[in-house]
Structures are given as structure tokens and as C-alpha cells.
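The values are calculated or read from the model by the stated rules, or taken from the named source; none is laboratory data. Because the structure is a prediction, the values reported are computed rather than measured. With ideal geometry, Cβ positions are generated from the backbone for all residues, glycine too; neighbour counts draw on all protein chains shown. The protein model used for the area step is the full one, side chains on, heavy atoms only, and it has no ligands, DNA or RNA in it. Shrake-Rupley method; radii C 1.70, N 1.55, O 1.52, S 1.80 Å.
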Amino acid sequence: MLCPYCTHPESKVIDSREADNGESTRRRRECAKCEKRFTTYERVEKTARLVVVKKGGTRTPFDGTKILAGIQTACGKRPVPEDAKRMLAQAIEDALHREFEKEVDSHEIGVRVARALRRLDRIAALRFASELYEFKDLQDFMREAEDLAAIPEESPTQQRLFDDGESASGSAPPPAG
Ligand SMILES: [Zn+2]
């Protein structure tokens, strides 16, 4: 580690302690030449252990922020607390890391997010599902909506389906068959 003042390569550690809740070590050093003091941090390199296999077979390192982003997009302006979204994303991420060793299908992640969202907010769940399953027609959409309606509401943001005035084009006809 070069001294930031004189670039001398040798220094001695005069103090060493844990930082970032034990995730790094902070070292106070003294340059062997100019005797000025500086600080270095040492931490374990984080490797993306899990790889996501996307539709079509492309692989990309797992990125938990994408789960949160997906949840946030689905929730839009729904009255879902930011904390609840974060906790949900974290819970899904933790479960994936526990259950999958190397690879996980992107669709599997989507299914889990869709399932978890149902407990948080039905409208958000429906939005997410419609993206995930690429509903081809209104019937697909209505089927999912009915499934959701059949689930007991646990969310504190309980509201009737479609009452946020920005879903389902106009008044939806009853599902045929
Ligand atoms: Zn120096």
C-alpha cells in the first residue's frame, strides 16, 4: 500500500479494528518514510455466486436490486410502505440464495415475486403477473384476477380490485366460459 503523501511502499500498522459491522477491517498506518498517517480498509471481495438464466438461455449475475425494482414498478403509486417492499425483496433474495446453489431460472424468480406480492397488494400482484405471464387476452387477465380475489386479504392496504382507476380498460365484461 503506497503512502498517499510520499508514495513510499512501506508502512506500519498502528491500529486495527473491525468496521462496517465486521465486514471490513480498518487499519491506521504510519508511513515508514514520511511518518504521516493514513487509513486503509480491507474487505472480502463479494462474488456474484448465483447466476440467473434468462429466457433464451442467456446468463447474468444475480442482482437483488432488480427484484426490488420489479416490486416497486408493480406497486407503482399503490399505498404500499417502502419498508414492506424492501423486506419482501430481501426475503425472496435470501430464499433464492438458500435454495439455489449456482443457477436459478429468471422465471422462477418472477413466480416467487408474483406469489409474494399477492400478500402485499393485489393490484400490484396482478400488474406483475400480467407482465410475467404475458397475458394474451382479457380472459387470462380475468382468471388471474379471480384467483387473486379468492385469496384472503392480509394486506393493510386492502382495497377493492381495480379501484385505483388505472387498470383494466373501462368496464371489463364478465369472462366467457
Ligand atoms: Zn510517506
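Details
- Of the criteria (1) surrounded by 11 or more Cβ atoms within 10 Å (Cβ to Cβ); (2) modelled with pLDDT of 90 or more; (3) within 16 Å of the ligand (Cβ to nearest atom), which one Met1 fails: (2)
- Cβ pairs under 9 Å, 6+ apart, first in region 116-145 and on the phi > 0 side of the Ramachandran plot, second in a helix (DSSP H, G or I) and at pLDDT below 75: Glu134/Asp140
- A count restricted to region 11-47 and to residues that are more than 9 Å from the ligand (Cβ to nearest atom), of a type outside the set (S, T, N, Q) and open to solvent by 100 Å² or more (accessible area, probe 1.4 Å) stands at 11.
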